[in-house]
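Visitor: Please see the structure below; I have some questions.
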Amino acid sequence: MSLLRNVGTIGGLTAVSRVFGFARDILLARVLGAGMAADAFQLAFTLPNTFRRLFAEGAFSVAFVPLYSRALHGRDGEPGSEEAATKFADDVLSVFVWVLLAFSGICMVFMPAIVWALASEYGDVPGKFELSVFLSRVTFPYLFFISLVAMLSGLLNARSRFGPGAVAPVLLNIFLITGILLGDHWRGTSGDDVVVVQVLAATVSLSGFAQLLYLAWETRRAGVKLKVQLPRFTPEVKRLGLLILPATFGAGIYQISQLVDTFFATSLPQGSLTLLKLADRLNQMPLGIVGIALGTAILPMLSRHIHTGDKAEAQRLQGNAFEIATLLTLPAAAALAVCAPAFCTAFFVGGKFTATDGALMAQIVVALVAGLPAYVIVKVLNPGFFAREDTRTPVWTALVSLIFNVAINLYVVNRFGIVGLAAATAASASLNCVLLYIILHRRGWFHFTPKLVSRVARQLLATGAMTAVLWYLMPLMAERYGASLIERVWSLGVLVAAGGAVFFAAAFVFGALDKDLLAQLRRRKPARTKADDKILEVE
């Protein structure tokens, strides 16, 4: 029940952020289309976000949260304390700030070389390379702000305060929506897309500053007062560094894989990078809501069970997380694959975004969502290593997946273009997922129980029933997906309502839903565990 409550908090707030992000991308597509300025902005937005996921949400968070949790709650009979946790966070912050400043400054100076390495073909289009360099320099300060946001979010997550970190991305999307509208207004009738992306790039960095102010305020509200001082490499900070290094390679391999995809996309016809990023927004909706929520919620809880030696509870927690992941992502992946043409046409086609763009985007979506269950399940499996302070093993699985991804891309991109690239991404994610589970199973850290296998099989049956209904309904309303606003909303509403109703009805009939869990959810006050009581005492 603790896992469900935390996943519900994070997932619900992340859903709000994803809805705002979806609205942002719809506006972006209609205002800019899939042209030169849109590609330049997508590259500029990708760079700080890639390093953010590498340093902040990737390596740093998975290493920082278990160590901060241990300082706060104790381990192996050793007591934790507020003082020890705050001192550790102060020492880490004092080093982290200067590392971020140095890295950001170096990257901004050498930005032309970075952009050339990723998108040298942009030089073939007059002004595209120069615009990409300028926009990337404007957006890059976002990395500094959002990395500190990730640290404060991890600190609050370790204290079972998941809301603020999940709310922060909403600010980014509100700023970007405002930037798109202002840029479109200021360009007037000139139709100059460059004006729009310049305003948009500035709002990216401004949003990072706003998120940092918000998280700093929430940290103060939690009773934690951090201060930046002269950097000191204490034994705890050194230990964090030793854990971050392999985790950086692991997260770095994944981000290198993303950069490899960006590199291949920029070598394809103009607009390919924009279409890939917009298609990934549909894929990211369930991934962000379910995957990130599960991964964020499970890590501190799993760390506590492992630190107290409760192996049975750690197995149960990961099994529950796995079941929740498949319950939500299997039907989401199937629905997105079947309904991709409807969603892409209804949401994006209009303004500068053509029907041809929408048709190609739908194909990309189908290829991407083939790996959606794997993307989410990896978020459930990785904490099994991170909670044990093993950040090395995911490095090797990610490396194998990267090599596999590059090898496939070399074959499929020239033959199948951007759709082949998306399919290669899905295949490599699935390989990584399989490798992680095999290693967890062999080490005795997590295994499929007969109950879990049966539950997932029943979920697949329910997903099959839903897919059949959607497959039948899709062509019946084909003309409405690109018609008036009311018809678009009505037709998508029918698909969503019918798919959801059939899936959950079939899931209930086939026994894909845990009835004991449903009974607990119907109670007005879910039963608390001793761990929950301990968390409340800390708070």
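Visitor: GLU479 - would you say it is at pLDDT below 95, loosely packed, with under 13 Cβ neighbours inside 10 Å, assigned to a helix (DSSP H, G or I) and among the charged types (D, E, K, R)?
Guide: Criteria met by GLU479.
Visitor: Residues in segment 353-371: is at least one open to solvent by 10 Å² or more (accessible area, probe 1.4 Å), farther than 30 Å from PHE22 by Cα, assigned to a helix (DSSP H, G or I) and modelled with pLDDT of 90 or more?
Guide: No, segment 353-371 has no match at all.
Visitor: Just checking, which of LEU399, LEU435, LEU431 is open to solvent by 20 Å² or more (accessible area, probe 1.4 Å) and at pLDDT below 90?
Guide: Step by step, each of LEU399, LEU435, LEU431 is checked, and only LEU399 is open to solvent by 20 Å² or more (accessible area, probe 1.4 Å) and at pLDDT below 90.
Visitor: Could I ask something else about it? So which of LEU470, LEU440, LEU435 is under 19 Å from LEU336 (Cβ atoms), part of a helix (DSSP H, G or I) and touching a helix residue (DSSP H, G or I) at 6+ places or on another chain (Cβ under 9 Å)?
Guide: Residue meeting the stated conditions: LEU470.
Visitor: May I ask you to list the residues in segment 33-51 that are over 18 Å from ALA113 (Cα atoms), at pLDDT 90 or above and crowded, with 24+ Cβ neighbours inside 10 Å?
Guide: ALA37, ALA38
Visitor: Same structure, new question: For segment 386-396, name all the residues that are buried (at least 24 other Cβ atoms within 10 Å of the Cβ) and assigned to a helix (DSSP H, G or I).
Guide: PHE386, PRO394
Visitor: Restricting to segment 85-128, name every residue that is buried (at least 20 other Cβ atoms within 10 Å of the Cβ) and of a type in the set (Phe, Trp, Tyr).
Guide: Those that are buried (at least 20 other Cβ atoms within 10 Å of the Cβ) and of a type in the set (Phe, Trp, Tyr): PHE88, PHE96, TYR122.
Visitor: Open to solvent by 20 Å² or more (accessible area, probe 1.4 Å), in a helix (DSSP H, G or I) and at pLDDT below 80 - does that describe any residue in segment 291-302?
Guide: Looking through segment 291-302, at least one residue is open to solvent by 20 Å² or more (accessible area, probe 1.4 Å), in a helix (DSSP H, G or I) and at pLDDT below 80.
Visitor: Report, ordered by the first and then the second residue, all pairs with beta carbons closer than 6 Å, sequence separation of six or more or different chains, a first member in segment 456-471 that is over 13 Å from LEU513 (Cβ atoms) and in contact (Cβ under 8 Å) with a residue 60 or more places away in the chain, and a second member that is open to solvent by less than 10 Å² (accessible area, probe 1.4 Å) and of a type in the set (Gly, Ala, Ser).
Guide: MET466/GLY499; LEU470/GLY499
Visitor: So if I check each of ALA201, ALA166, which one is farther than 30 Å from PRO66 by Cβ, in contact (Cβ under 8 Å) with a residue 40 or more places away in the chain and not polar (S, T, N, Q)?
Guide: ALA201
Visitor: In the set VAL224, VAL199, which member is surrounded by 13 or more Cβ atoms within 10 Å (Cβ to Cβ) and assigned to a helix (DSSP H, G or I)?
Guide: None of the other options fit; the residue is VAL199.
Visitor: What tally of residues in segment 103-133 results from selecting those that are in a loop (DSSP other than H, G, I, E, B) and more than 17 Å from PHE51 (Cα to Cα)?
Guide: 3
Visitor: Considering segment 443-458 alone, what residues qualify as being assigned to a loop (DSSP other than H, G, I, E, B) and out of contact with any helix residue (DSSP H, G or I) (no Cβ under 7 Å at 6 or more places or on another chain)?
Guide: ARG443, GLY444, PHE448
Visitor: Of the residues VAL365, VAL400, VAL376, which is hydrophobic (A, V, I, L, M, F, W, C), more than 22 Å from VAL65 (Cα to Cα) and within 18 Å of the chain's Cα centre (by Cα)?
Guide: Checking each option against the conditions leaves just VAL365.
Visitor: Of all residues in segment 146-177, count the ones that are crowded, with 24+ Cβ neighbours inside 10 Å and among the polar types (S, T, N, Q).
Guide: So the answer is 3.
Visitor: Continuing with the same structure: Could you say whether any residue in segment 403-414 is in a helix (DSSP H, G or I) and under 25 Å from GLU323 (Cα atoms)?
Guide: Checking segment 403-414: not a single residue is in a helix (DSSP H, G or I) and under 25 Å from GLU323 (Cα atoms).
Visitor: Determine whether segment 332-350 contains at least one residue that is in a helix (DSSP H, G or I), open to solvent by less than 10 Å² (accessible area, probe 1.4 Å) and in contact with a Cys (Cβ under 8 Å, 6 or more places away or on another chain).
Guide: no
Visitor: I've got another one for you. Name every residue in segment 178-193 that is over 11 Å from LEU27 (Cα atoms), open to solvent by 40 Å² or more (accessible area, probe 1.4 Å) and either in contact (Cβ under 8 Å) with a residue 12 or more places away in the chain or among the β-branched types (Val, Ile, Thr) (or both), in order of residue number.
Guide: LEU182, TRP186, THR189
Visitor: Here are ASN382, ASN409, ASN405, ASN414: which of them is open to solvent by less than 60 Å² (accessible area, probe 1.4 Å), at pLDDT below 90 and among the polar types (S, T, N, Q)?
Guide: None of the others qualify; the one that does is ASN382.
Visitor: Sort out which residues of segment 1-25 are within 13 Å of LYS277 (Cβ to Cβ) and modelled with pLDDT of 85 or more, and write them in order of number.
Guide: The answer is ARG24, ASP25.
The values are calculated or read from the model by the stated rules, or taken from the named source; none is laboratory data. From a predicted model like this one, the values you see are computed outputs, not experimental measurements. Virtual Cβ from ideal backbone geometry, glycine too; neighbours counted across all protein chains shown. Surface accessibility is based on the protein's heavy atoms, side chains included, excluding ligands, DNA and RNA. Shrake-Rupley method; radii C 1.70, N 1.55, O 1.52, S 1.80 Å.
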